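Input: a single structure, listed below in structure tokens.
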There are 2 protein chains.
Amino acid sequence: MLDVVFFEVFAEEEKALKKYLPATLKAEFTPHTIQEAKSKNLPAPLISVRTQSVIPTAWSKRLKGVLTRSSGYEHLLDFRRENKSDAACGYLADYCSRAVAEQAVLMAAALLRKLKLQTKQFDRFNRDNLTGFEIQGRKCLVVGVGYIGRQVVDIAKGLKMYVKGVDLKHAQKDLKYVGLLEGIRWADVVICALPLTKETRGMLNYDVLKQIPRGSILVNVSRGEITPLADMERLLEEKILGGLGLDVYENEGRLAVALRANKKVASPQAQSLVRLSKKEQVLFTPHNAFNTYESVERKAQESAESIMAFIKTGKFLNPVPQE
Amino acid sequence: MLDVVFFEVFAEEEKALKKYLPATLKAEFTPHTIQEAKSKNLPAPLISVRTQSVIPTAWSKRLKGVLTRSSGYEHLLDFRRENKSDAACGYLADYCSRAVAEQAVLMAAALLRKLKLQTKQFDRFNRDNLTGFEIQGRKCLVVGVGYIGRQVVDIAKGLKMYVKGVDLKHAQKDLKYVGLLEGIRWADVVICALPLTKETRGMLNYDVLKQIPRGSILVNVSRGEITPLADMERLLEEKILGGLGLDVYENEGRLAVALRANKKVASPQAQSLVRLSKKEQVLFTPHNAFNTYESVERKAQESAESIMAFIKTGKFLNPVPQE
């Protein structure tokens, strides 16, 4: 039998993982989610996923351990709760905060400067409607000031933006914290770096964001459920938002499977997404903000170390906390 | 007769200019270059251009003044020299350095993170080959540390890049200056912010850039003649450059006219450009780095003030220096 199966592994990650895992380990790698791979039976007592696989109830009894190769672990909490599973659950500590934060600010900057339209209009050398906003002096609201949010604050300040934060804890001494609505009413750019919890689900919805100054930019790089897609579409249609950058999506697991299978008509949501992604003031990336050589390396090393720790001791390096 | 004709005016700029010019002034505005407008006779004693019009020799005798709405004025030096013209020549002082510098770093960051490919692969939610480089910790060489270059240094340091500069003058106290080749051999990212002079023409050519670490990024936001296009294409083909961001082009005036007329086959250079612009590791923008609301406003105000100063006193606010 196999020792471990890694689901949702992209090409570069597989290469890096193999470097850090011992050659004696019987490991298998697939780019697919559990659902795409269509394995009926549990292929190994230990599995590793990212955020898009749903672990089948039928697997839960024999499953010894599951490591999510992500910093977010709300999907493993769901699995444990729904299946009353005793499987050990692990996650990765902060391995990609800077990469994610850099992509968030890059997306905001590209939207402020209409980079998509600038490159599109190159082939006619046409500069009409390409006037953008300078980044320096813009007001940036960071919603969720954890590992990633702190890096967003650092980068935005480095670019000489005005920066305020929204968080339950006011842990950063040199950051001005405000309430969510106060911040939204102030911001030229909102960057969402919240974890997904019962409280944050749907937090940046239409009713909240309609209070933003007209034409402001929203970027979400944490979890799609915080920014419902129907609300985002409406905010763009009504020209309340001037730009939208998403790296994460509501029901992302299902959406990703549908898009990879090219089932564009699979759901109203998938259709809505594809429509939205064509707009000039929209930047959609495939949950890729973490994806730098530096992060892939740190992630592969942490994943391999956590897998080997589990095999030796029965415990992951970072166990998912009990609720 | 008209008081002044403004060539090469895009929509947003015309609106801003009208705000700052007196209503009594007989002014005309056209988005076209002098060549595109096909005016045989000088339409007014005073004209204003950007960088793409060539002032006809036939106009040079009756022309009283010409204001270039750009910080670079090498095309007016050429005009004066070639036509032995006595027309007063004016240019704009530093009105858009931050905007240009921000776009330069934005292009470099987008290339480091493969933003073009990231958004392209969204519709299949495919993350293969999307691994990029983190911006923090990269080595950035700023070639030409004038108004724009200084802002590039400031932004790159704000993003926690390592920064070195190349310039004849070593005017920035907190910047390490190096020789061009030493810098090229060191850099992950090269940003060109040089003015065009006899000395800088073709300076960043194949022979110089082939010494860059393989896969590094080049961005040019100043003048296209410094980075010959045939050399750029070869550096990409040979995978010496990992990314190329251009806002300016060799023979840009002719190229822009050809592209606007959709004469894609007008010249081997235009063909080469269109081919290049399709590549995933290439970002081409239509000489638009200056184009922010903040810059357009400052530029319109400076242009209007300089035009009115000329009408009243016969002198522009910033006269092009004698060679």
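The values are calculated or read from the model by the stated rules, or taken from the named source; none is laboratory data. Everything numeric in this text was worked out from a predicted model, so none of it was measured. Reconstructed Cβ throughout: ideal geometry from the backbone, glycine too, with neighbour counts over all protein chains shown.
The residues of the range B:117-145 that are more than 19 Å from the chain's Cα centre (by Cα), more than 7 Å from chain A (Cβ to nearest Cβ) and crowded, with 24+ Cβ neighbours inside 10 Å amount to a single one, B:CYS140. Yes or no: the range B:172-179 includes at least one residue that is within 7 Å of chain A (Cβ to nearest Cβ) and without any contact (Cβ under 8 Å) to a residue 12 or more places away in the chain. The answer is no; no qualifying residue exists. A:ARG234 falls short on exactly one of the conditions (1) buried (at least 19 other Cβ atoms within 10 Å of the Cβ); (2) in a helix (DSSP H, G or I), and that condition is (1). With respect to being part of a helix (DSSP H, G or I), more than 24 Å from B:GLU28 (Cβ to Cβ) and more than 10 Å from chain A (Cβ to nearest Cβ), B:MET308 falls outside the description. Considering B:SER85, B:SER71, B:SER60, the condition of being at pLDDT below 95, surrounded by 21 or more Cβ atoms within 10 Å (Cβ to Cβ) and out of contact with any strand residue (DSSP E or B) (no Cβ under 8 Å at 6 or more places or on another chain) is satisfied by B:SER71 alone. Restricting attention to the range B:283-301, the residues being assigned to a helix (DSSP H, G or I) and either at the interface with chain A (Cβ under 7 Å from one of its Cβ atoms) or more than 24 Å from A:PHE125 (Cβ to Cβ) (or both) number 4. Residues of the range B:6-42 that are modelled with pLDDT under 90 and among the hydroxyl-bearing types (Ser, Thr, Tyr): B:SER39 alone. Once the range B:237-253 is narrowed to residues that are of a type outside the set (A, V, I, L, M) and within 11 Å of another protein chain (Cβ to nearest Cβ), the residue that is surrounded by the fewest Cβ atoms within 10 Å (Cβ to Cβ) is B:GLY253.
Taking the listed residues A:ASP167, A:ASP188, A:ASP123, the one that is more than 23 Å from A:GLY242 (Cβ to Cβ), assigned by TED's automatic domain parsing to the domain that holds A:GLN211 and at pLDDT 95 or above is A:ASP167, with no other qualifying. Please tell me if B:LEU259 is over 25 Å from B:CYS140 (Cα atoms), within 11 Å of another protein chain (Cβ to nearest Cβ) and within 21 Å of the chain's Cα centre (by Cα). Criteria met by B:LEU259.
Take the residues in the range A:237-275 that are among the hydrophobic types (A, V, I, L, M, F, W, C) and part of a loop (DSSP other than H, G, I, E, B); name whichever of them is nearest to A:ASN205 (Cα to Cα). In this case the residue turns out to be A:ILE240.
Residue-wise test of (1) among the small types (Gly, Ala, Ser); (2) in contact (Cβ under 8 Å) with a residue 60 or more places away in the chain; (3) buried (at least 21 other Cβ atoms within 10 Å of the Cβ); (4) not assigned by TED's automatic domain parsing to the domain that holds B:ARG298.
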| site | (1), (2), (3), (4) |
| --- | --- |
| B:PRO45 | no, no, no, no |
| B:VAL54 | no, yes, no, no |
| B:ASP78 | no, no, no, no |
| B:GLY90 | yes, yes, yes, no |
| B:GLN103 | no, yes, yes, yes |
| B:LEU106 | no, no, yes, yes |
| B:LEU112 | no, yes, yes, yes |
| B:LEU115 | no, no, yes, yes |
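Taken over the range A:146-164, the criterion of being buried (at least 24 other Cβ atoms within 10 Å of the Cβ) and away from chain B (no Cβ under 14 Å) is satisfied by A:GLY149 alone.
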